[in-house]
1. Being surrounded by fewer than 24 Cβ atoms within 10 Å (Cβ to Cβ) and more than 8 Å from the ligand (Cβ to nearest atom) is the filter here, so list the residues in the range 240-251 that pass it.
2. Would you say Ile206 is within 16 Å of the ligand (Cβ to nearest atom) and touching a strand residue (DSSP E or B) at 6+ places or on another chain (Cβ under 7 Å)?
3. Of the residues that make up the range 146-160, is at least one within 16 Å of the ligand (Cβ to nearest atom), free of Cβ contacts under 8 Å to residues at least 60 places away in the same chain and open to solvent by 30 Å² or more (accessible area, probe 1.4 Å)?
4. Is the range 245-268 home to any residue that is within 26 Å of Asn146 (Cα to Cα) and either part of a loop (DSSP other than H, G, I, E, B) or in contact with a Cys (Cβ under 8 Å, 6 or more places away or on another chain) (or both)?
5. Of the residues Asp73, Asp118, which single one is within 30 Å of Val183 (Cα to Cα) and open to solvent by 10 Å² or more (accessible area, probe 1.4 Å)?
6. I need the full set of residues from the range 34-86 which are within 10 Å of the ligand (Cβ to nearest atom), of a type in the set (Phe, Trp, Tyr) and over 16 Å from the mean Cα position of the chain (by Cα), in order please.
7. Within the range 179-223, which residues are surrounded by 16 or more Cβ atoms within 10 Å (Cβ to Cβ), β-branched (Val, Ile, Thr) and in a strand (DSSP E or B)?
8. Hey, could you check the range 85-109 for residues that are assigned to a loop (DSSP other than H, G, I, E, B) and either touching a Gly at 6+ places or on another chain (Cβ under 9 Å) or open to solvent by less than 30 Å² (accessible area, probe 1.4 Å) (or both) and say which is farthest from Leu241 (Cα to Cα)?
Amino acid sequence: MNQFNQEVAEPIVNPYEVVPAEVYEVIQESPLIKTLRLKPERKFPFKTGQFIELTIPGIGEGPFTPSSSHFIDETLDVTVMKTGFVTEYVHKVKIGDIVGLRGPYGSHYPLEKFEGKDLLILGGGCGLAPLRSLFLTLLHEVEKYNSITFYAGAKTPKDCIYKDEVTGWRKYPKVKFIRSVDVVPEGEEWNEDVGVVTVLLKQLNIDPENNPAVVCGPPIMMKFGTLDLLKYGYKEENLYLSMEKKMYCGFGQCRHCVIGPYFACKDGPVFTYNQIKDEEEIWD
Ligand SMILES: Cc1cc2nc3c(=O)[nH]c(=O)nc-3n(C[C@H](O)[C@H](O)[C@H](O)COP(=O)(O)OP(=O)(O)OC[C@H]3O[C@@H](n4cnc5c(N)ncnc54)[C@H](O)[C@@H]3O)c2cc1C
């Protein structure tokens, strides 16, 4: 059980077991972000919001949240931004290469609490990875939800990710998928919203009293997004945040990801705002 009293995906017999996975497809989403579609040697079940450790043999590993639906178990997508040593190598893998997966670890989005609700999903940059997983998982049983509003941000048009999927997503009558970019550099085409993603909240038309919102993105966006949603009237316990703290082991042994009484890896990465709001430096 995790803090939402949910069963986690499956008991992990050996949390260090690395499952080999073949790189099946590589999608260049933006100059710095790639999605790898992986085919694990055995089924690798997870619940949307949980994370995995991705190993590049001989190089290292890092925590990433699957970006695919948890209803798909033959393949698993990870969307990775190039930020440093390991991710540089993640970006070098080719179709047919073998990487490793361990996990899944941590808490997941409490889908049962979203049923019958008007859900808001707010994210930016590579924070869209777990949100795409959540969104695709919700679409699988879209009849269970009243509506899904997805506000997605990027720095510039060429930094937008999942570009080829947007038209399909917008065809769902219950879905409102709106994008915004911070700026449009000269020469780039864009006919959607402009401004940091939180400006889209001005268009929001959801009763905040009893509806949930899910937020994931760079720390500054998480902070101002959360504060704006509170101002709008959302309740602290209905705001779900994915906390991507620096972590290594993934299951509470190395103690790198402590947030007050919690481990971001074991008790998170999904927390409600009221759980962590009084802890120090949650936005760092
Ligand atoms: C639960 C969780 C889920 C994540 N999901 C994604 C995802 O879906 N896509 C994605 O692109 N990134 C994700 N990240 C961040 C990703 O793990 C780091 O960007 C990656 O590990 C950096 O490795 P590096 O060796 O390339 O970077 P480094 O050269 O080590 O450092 C570059 C930057 O990455 C940060 N970083 C380094 N190691 C970690 C770490 N273990 N955890 C967090 N930040 C780190 C450093 O503070 C630094 O700012 C997630 C992180 C967590 C904790």
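1. Of everything in the range 240-251, those that are surrounded by fewer than 24 Cβ atoms within 10 Å (Cβ to Cβ) and more than 8 Å from the ligand (Cβ to nearest atom) turn out to be Cys249, Phe251.
2. For Ile206, the condition - within 16 Å of the ligand (Cβ to nearest atom) and touching a strand residue (DSSP E or B) at 6+ places or on another chain (Cβ under 7 Å) - is not met.
3. Checked the range 146-160: at least one residue is within 16 Å of the ligand (Cβ to nearest atom), free of Cβ contacts under 8 Å to residues at least 60 places away in the same chain and open to solvent by 30 Å² or more (accessible area, probe 1.4 Å).
4. First, the residues of the range 245-268 that are within 26 Å of Asn146 (Cα to Cα): none.
The answer is no, given that none of the residues of the range 245-268 is within 26 Å of Asn146 (Cα to Cα) and either part of a loop (DSSP other than H, G, I, E, B) or in contact with a Cys (Cβ under 8 Å, 6 or more places away or on another chain) (or both).
5. Just a single option satisfies the conditions, and that option is Asp118.
6. Phe85
7. Within the range 179-223, Val181, Val214, Val215 meet the criteria.
8. Going residue by residue through the range 85-109, those that are assigned to a loop (DSSP other than H, G, I, E, B) are 91-97, 106-109.
Pick out the ones that are also either touching a Gly at 6+ places or on another chain (Cβ under 9 Å) or open to solvent by less than 30 Å² (accessible area, probe 1.4 Å) (or both) and you get 91, 93, 106-109.
Details: His91: 27, Val93: 30, Gly106: 13, Ser107: 11, His108: 11, Tyr109: 9 Å.
Ranking the candidates gives Val93 first.
The values are calculated or read from the model by the stated rules, or taken from the named source; none is laboratory data. All values derive from a computational prediction rather than experimental measurement. Every residue, glycine among them, receives a Cβ derived from its backbone with ideal geometry; neighbour counts consider all protein chains shown. The area values use the complete protein model at the heavy-atom level, side chains included, leaving out ligands, DNA and RNA. Shrake-Rupley method; radii C 1.70, N 1.55, O 1.52, S 1.80 Å.
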